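**Student:** Before anything else, here's the structure in question.
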C-alpha cells in the first residue's frame, strides 16, 4: 500500500491516497484481456482518483498480458537486446533493415508485429543469430566503431555460450554418479531443482538451457531425447567424468538436491512440480494430458525458488530438506 498526495476531484483538494491491487479487464484490438492492475482511492472520501503512475502501471500490465497471450516478445527483453549486444537503438534498426526509428518505438513500449517480434526473440535468445545479421548487414551501420563494439560483445557471448553449453552434461554426469537407479523422469526433475535452488542461493544459473512444460512436469528436450530409450528404467551411467570443474557452491547444491530430492521417485517429483508456479504458469490453459512445448523460462524458475528460500527461511543448501519434506507431506 502506498500513500502520497494528489488532487481529488470530489474533495477539490490535494489528498493522500492508497493503492490496492485488483483484477482488471482491458481491450486491445477488439479482444479483452484480464490482468492484475492497481486502483487508487482518496483516503478522505474513498472515491477512485487518477494517479499517473498507477495509470502507467495498468497500461503496461495490460500490454504485458497481450504480449504473453499472443507470443510477443516482452518489453524487458527488447530493452535488454541493446545492452546485451552493445548497440544503440538507431544502429540496431539499421542493422535489421528497418526504418531508423522502428526499434526505438518498440523500445519505448510500442508492440511489434508478430513477424518483427519473432526476429527480435531470435536475436535475444541466440547470439549466433545476431552475429549472423551483424556480419550480413554491417554495411548498414554508419560507424565502424559501432560495428566493432557490437562485434566484440557478441563474440564474447558466443564464447560463453559455447563453453557453457556442456555444463548441463556435467551436471547430468554428477547426478548419475551420485544417485542410485535414476530414471529419465527423475533426472529431468533433479536438473530442474538443481537449477532453481542454485539460483535461489547464489543468484545465477547452473546451465543455460530452458526447460519446457510437458505433461509430466518440467523437461529439458535435448536430455529427453538423449535418454528416452530407457523409458521407465534406471539410466546406466557410462560417463567418465571428472568433477574438478565444479566450484564448492555447485557441489553443495547438487549434493543437497541428490540427498533430499533424489531419494524420491520420478513420479513423486513430478507431483511436486505439478503444484509449483513455474510449471503451472507455463501450462496455462492446456488440458491435463495435452502436449505442450511452452518454455518455462529460467527467470521464472529463479523467482519461484527465491520465494521458496525466503518462505522456508533457508540459510544453507541442506535446508532444501525442509521444502522436500513439506512437499511430500502434501501429496
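**Student:** Taking residue 62 and the conditions (1) more than 30 Å from residue 18 (Cβ to Cβ); (2) within 22 Å of the chain's Cα centre (by Cα); (3) touching a residue at least 24 places away in the same chain (Cβ under 8 Å), which numbered condition does it fall short on, given that it satisfies the others?
**Tutor:** Evaluating residue 62 over (1) more than 30 Å from residue 18 (Cβ to Cβ); (2) within 22 Å of the chain's Cα centre (by Cα); (3) touching a residue at least 24 places away in the same chain (Cβ under 8 Å) leaves (1) as the failure.
**Student:** Looking at 25, 15, 39, which one is touching a strand residue (DSSP E or B) at 6+ places or on another chain (Cβ under 6 Å) and either surrounded by 18 or more Cβ atoms within 10 Å (Cβ to Cβ) or over 30 Å from residue 285 (Cα atoms) (or both)?
**Tutor:** 15
**Student:** Follow-up question, since we're still on this one. Looking at the structure I just gave you, is residue 316 under 17 Å from residue 198 (Cα atoms) and either within 19 Å of the chain's Cα centre (by Cα) or surrounded by 14 or more Cβ atoms within 10 Å (Cβ to Cβ) (or both)?
**Tutor:** So residue 316 does not fit the description; no.
**Student:** Give me the residue from the range 210-238 that is closer than 12 Å to residue 282 by Cβ and in contact with a helix residue (DSSP H, G or I) (Cβ under 7 Å, 6 or more places away or on another chain) and, out of that set, modelled with the lowest pLDDT.
**Tutor:** Top of the filtered list is 210.
**Student:** Also: Scan the range 189-208 residue by residue and report those that are within 13 Å of the chain's Cα centre (by Cα), part of a loop (DSSP other than H, G, I, E, B) and either buried (at least 22 other Cβ atoms within 10 Å of the Cβ) or free of Cβ contacts under 8 Å to residues at least 40 places away in the same chain (or both).
**Tutor:** 204
**Student:** Right, residue 220: more than 24 Å from residue 330 (Cα to Cα) and either in contact with a strand residue (DSSP E or B) (Cβ under 8 Å, 6 or more places away or on another chain) or not assigned by TED's automatic domain parsing to the domain that holds residue 322 (or both) or not?
**Tutor:** yes
**Student:** Next question. Answer yes if at least one residue in the range 42-55 is buried (at least 18 other Cβ atoms within 10 Å of the Cβ) and part of a helix (DSSP H, G or I), and no otherwise.
**Tutor:** For the range 42-55, residues buried (at least 18 other Cβ atoms within 10 Å of the Cβ) and part of a helix (DSSP H, G or I): present.
**Student:** Taking residue 14 and the conditions (1) within 24 Å of residue 111 (Cβ to Cβ); (2) assigned to a strand (DSSP E or B); (3) free of Cβ contacts under 8 Å to residues at least 24 places away in the same chain, which numbered condition does it fall short on, given that it satisfies the others?
**Tutor:** Just one mismatch for residue 14, condition (1).
**Student:** Also: Every residue in the range 71-87 that is surrounded by 14 or more Cβ atoms within 10 Å (Cβ to Cβ) and either touching a strand residue (DSSP E or B) at 6+ places or on another chain (Cβ under 9 Å) or at positive phi (or both), please.
**Tutor:** Result: 86, single match.
**Student:** Taking the range 104-138, which residues are within 21 Å of residue 60 (Cβ to Cβ), in contact (Cβ under 8 Å) with a residue 24 or more places away in the chain and surrounded by 14 or more Cβ atoms within 10 Å (Cβ to Cβ)?
**Tutor:** Across the range 104-138, the qualifying residues are 106, 107, 111, 112, 117, 120, 121, 124.
The values are calculated or read from the model by the stated rules, or taken from the named source; none is laboratory data. What you are looking at is a predicted structure, and each value in this text was computed from that prediction instead of being measured. Every residue, glycine among them, receives a Cβ derived from its backbone with ideal geometry; neighbour counts consider all protein chains shown.
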